[in-house]
Structure formats: structure tokens, C-alpha cells
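Chemist: First the structure, then my questions, so here it is.
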Amino acid sequence: MGVVNITPDSFSDGGRFLDPDAAVSHARQLAAEGADILDVGGESTRPGAVPVSEQQELERLLPVLQRLQDLKIPVSVDTRRPAVMKAVLAAGASMINDVQALNEPYALEAVAATGCAVCLMHMKGQPATMQQEPRYDDVLREVKVFLKEVVRKARFAGIGQDRIVVDPGFGFGKTAAHNMTLLRRLNELSDLPIVAGLSRKSTLGKLTGRPVQERLAGSLALALLALERGARILRVHDVKETRDVIAVWQAYKNEP
Ligand code: HH2
């Protein structure tokens, strides 16, 4: 899953793809590099991010989505707002990636009848404050119970199991130690396909001391560990390089 951030403030590439032409050409490049899904977002959810208005989010997303309709791969939209979900699904998106796991009022209804896929993610707190000393008694258990509950609610709303993937939400109200515990035991979190979004995140800053532009090697290491621990979708900024990791891992797995 290749990330396309149409935002001025995303943590790793804010401002680079705010212009629709730049966003569309970046999306096409990621598709050409071998992405199986594109995840397009119009609002940053990085720690400390300030929410944008619904209208602004749509003004960023819709012109880009309209110009990606000929792509052969599914386009996911990273949004928390039910009205945005409805509009982007009408404009051709086939997946909703919600860092709030469809918990806004009417979010479940916005997607249930459409047939789209959904990604339900765990987040503790809200982006503005979530990284201020996050605490858990047992992070694995809390995330696992949360994911089970949001999947139950989604199923109850009429979203079939084959439409759902789940995500532990690395960095969303979690320290580097929490992230490592979740990564080590990723395969225990759910029987549904698991998405892992570790690319360029601040845990890598903690582990390597590198600024965000220099976290490719660390991101690839985490991608490989996530694959080994059962991740089915890797949400990444660097598709070409991650494809190589997947190729190496697949060859390793297939060794007789
Ligand atoms: N991480 C980010 C945003 N959306 N969605 C899922 N399912 N999983 C993630 O780990 C995840 C996500 C943060 O990364 P990015 O989109 O690059 O930054 P920003 O939120 O600053 O736009």
C-alpha cells in the first residue's frame, strides 16, 4: 500500500504533494513501482496535527481521485469523516482507511451499504495529544480487544468479514517500546489480514537517531520484520524499495 499525502503537514512528506498535479504523478509513480493499493489522504494524523475542515479535505481529495480513475489498482482513502467517506466512494475509491476505526457517528452507515473494503486501526487518544506519555497495562491485550470489538461492530453494521482488514496503529498513542511489543507479536492480534504502517515513523528516529528523510533502511528492516510476523499489507512511502524486500522475503519463504 503506497502512501499519497495531499497535505501541507504530513510528518515525512508534508507539502510535497499538496498540488494535485504532484499528487497524481506521485500516485502513478507508486503504482508503476508495484503498489497493489494506493492510500490517499487529505488530512495529516501525525502527532500534534491540527484537524482540517471537511470541505478542505474534500477539496484536496476529489480532484486527485477523479484523475486516478483509470488506475488498475484499488484506491483507499485515509479519512475519519463520514461525509468524506461517502463522497470519495462515489468518486471511485474502493477502500476506506480510518485511523479511528469508523467510530464517528454515521461512519459505519456511510460505508456499510457500499461494498468497499475497510481498514480498522487502533489509536489511543487523539493525534493532537496521543504521544504525550501513552500508557498501557498490557498493550498487546488492549489493542487485540479493541480490534475484536471494532470488527464486531462493523460486522453488526453489515460489513462482511471479507471486506475488513485491521491495523495496530504503530505510533498512534504508543511509545517505541509499545510498537516493538506489537510488532513482535503482530500475528497474535487478529485472524483478519493485518496492515502494518511503520514507514519512516518516529520510532525509527528513536532507534537509529536518524531524521525522517534518512529512515529508509530502518523502514525496510521493519517491513521485513512485519512480513515475518504475518503482516499482509505494508503501508509504505517507498514502494520500489519495499517491493524488493517482499521479493527477497518471498524467495526465502519458498525455499524447499
Ligand atoms: N499511519 C499514518 C496515517 N494513516 N493508516 C493506517 N491504517 N496505518 C498507519 O500506520 C497510518 C495510517 C501516518 O503516516 P502518514 O500518512 O505518512 O503521515 P500523516 O498522518 O502525517 O499524513
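Chemist: Which order, highest average first, do 193-199, 50-56, 109-115 follow once you tally other Cβ atoms within 10 Å for each residue and take the mean per peptide?
Modeler: Result, highest mean Cβ count within 10 Å first: 193-199, 109-115, 50-56.
Chemist: Here is a further query. Take every Cα pair under 8 Å in the stretch 124-256 that's 6+ residues apart, average their separations, divide by the length, and report that relative contact order as a whole percent.
Modeler: 23 percent
Chemist: A further question on this structure: Near residue 219, within a Cβ-to-Cβ distance under 14 Å, what is the net charge of the other residues, with Lys and Arg +1 and Asp and Glu -1?
Modeler: Numbers: positive: 200, 201, 206, 210, 215, 235, 240, 243; negative: 13, 214, 238, 241, 244.
Residues close to residue 219 contribute a combined charge of +3.
Chemist: If I take R0 = 25 Å and measure r between the Cβ atoms of residue 188 and residue 94 in this structure, what FRET efficiency does the formula 1/(1 + (r/R0)^6) give, to the nearest 0.05? Walk me through the intermediate numbers first.
Modeler: Working: r = 29 Å, r/R0 = 1.16.
So the FRET efficiency works out to roughly 0.30.
Chemist: Just for the Cα atoms in the chain, what are the lengths along the principal axes, largest first, rounded to whole Å?
Modeler: Cα extents, longest axis first: 42, 42, 38 Å.
Chemist: Could you tell me what percent of the accessible area of the chain is made up of carbon and sulfur, with a 1.4 Å probe and every protein chain present?
Modeler: The value for the chain is 51 percent carbon and sulfur by accessible area.
Chemist: Taking a quarter of the surface of the convex hull around the Cα atoms of the stretch 116-214, what do you get in nm²?
Modeler: Working: hull surface 28.4 nm².
For the stretch 116-214, averaging the hull's shadow over all directions gives 7.1 nm².
Chemist: For a protection proxy built on the mean count of beta-carbon atoms within 10 angstrom, sort 210-220, 243-253 highest first, please. Let's see the in-between values first.
Modeler: Details: 210-220: 16.1, 243-253: 12.7.
Ranked from most to least packed, the peptides come out as 210-220, 243-253.
Chemist: At 7 Å along Cα-to-Cβ for each site, give me the label-to-label distance between residue 254 and residue 129 in nm.
Modeler: Calculated label separation equals 5.1 nm.
Chemist: Given a 1.4 angstrom probe, what's the average accessible area per residue across the chain, in square angstrom?
Modeler: 48 Å²
Chemist: I've got another one for you. What do the square roots of 5 times the Cα gyration tensor eigenvalues come to for the stretch 1-147, in whole Å, largest first, as semi-axes of the equivalent ellipsoid?
Modeler: 25, 18, 15
Chemist: Moving on to the next point. Using Cα pairs closer than 8 Å and at least 6 residues apart in sequence, work out the relative contact order for the stretch 2-253, in percent.
Modeler: Relative contact order here is 16 percent.
Chemist: Which residues does a label at residue 113 reach in the stretch 154-169, if reach means a backbone N under 18 Å from a point 7 Å past the Cα toward the Cβ?
Modeler: The answer is 154-160, whose backbone nitrogens lie closer than 18 Å to the label point.
The values are calculated or read from the model by the stated rules, or taken from the named source; none is laboratory data. Just so it is clear, the structure is predicted and the values come from calculations on it, not from any experiment. Cβ atoms come from the backbone with ideal geometry, glycine included; neighbour counts cover every protein chain shown. Surface areas here come from the heavy atoms of the whole protein model, side chains and all, with no ligands, DNA or RNA. Shrake-Rupley method; radii C 1.70, N 1.55, O 1.52, S 1.80 Å.
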